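These notes concern the structure reproduced below.
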Amino acid sequence: MVRSINIEKEWVGNALSVQGQIRGQFFSPLRLQRARAGRASKAPELQLKSRYSRGFTLVDLMIAVVIIALLSAIAFPSYQEALRKVRRAEARAALLQLMQEQERYYSQKGQYIPFDFGSANGDNAEAKKFKAFSGVTASSSAYEISGVKCANETSTRSCLTLVATPGTSNVNKNYSDPVCGKLTLSTNGTKATEPETKAGICW
């Protein structure tokens, strides 16, 4: 009886071991196939990550530089013209202020007084009353201003013309205004430019 029990246990044990071997032989290729499939599905993801993790190329950088250069070429002339308009407005305001000061001087002295950068910054006490540049300081100004006799007049006693000249050696010499040139304002109310330009552009 005991022997038959032992034989049955041995037989069951052998059957289980055989079943385990069969199962192992069947599932091991399946596991291997699944592992390979998993690695294959991860391969494109790894390639994609490596492709986007390399950063900018020289071609990308050159394209960006070309785009920036084109935008600058388009925008810079507009910026220059906008800056000129601001400088012109500053010069016009300075001319109008100086004309008021000249009229005030005329009401007191009975005549206008000519001036230029040298006399306004020299020993002439009367000329020093008038600012010979358009901005706050001479170095930051775009225009040098002077007061001269009007055209066809022999003196400044009855008529004076204020002239704002862009980009002289006494102010910002790098500034220029090819469109309007000099701005002039006379005591008779005449507003003009030198050389002459289309009315309404500069004044």
Practice task
May I ask you to order 61-69, 161-169, 114-122, 92-100 by the average number of other C-beta atoms within 10 Å around their residues, highest value first?
Solution key: 161-169, 114-122, 92-100, 61-69
Handout entry: Sequence ranges 187-197, 141-151, 123-133, ranked by mean other-Cβ count within 10 angstrom, highest first
Key = 141-151, 123-133, 187-197
Completion exercise
Simple SL model, points at 7 angstrom along Cα→Cβ for GLN97 and THR190; separation in nm is 2.6
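Only the coordinates and a few stated rules stand behind these numbers; no lab work does. Bear in mind that the values here come from a model prediction, so they are computed numbers and not experimental data. All Cβ positions, glycine included, derive from the backbone under ideal geometry; neighbour counts span all protein chains shown.
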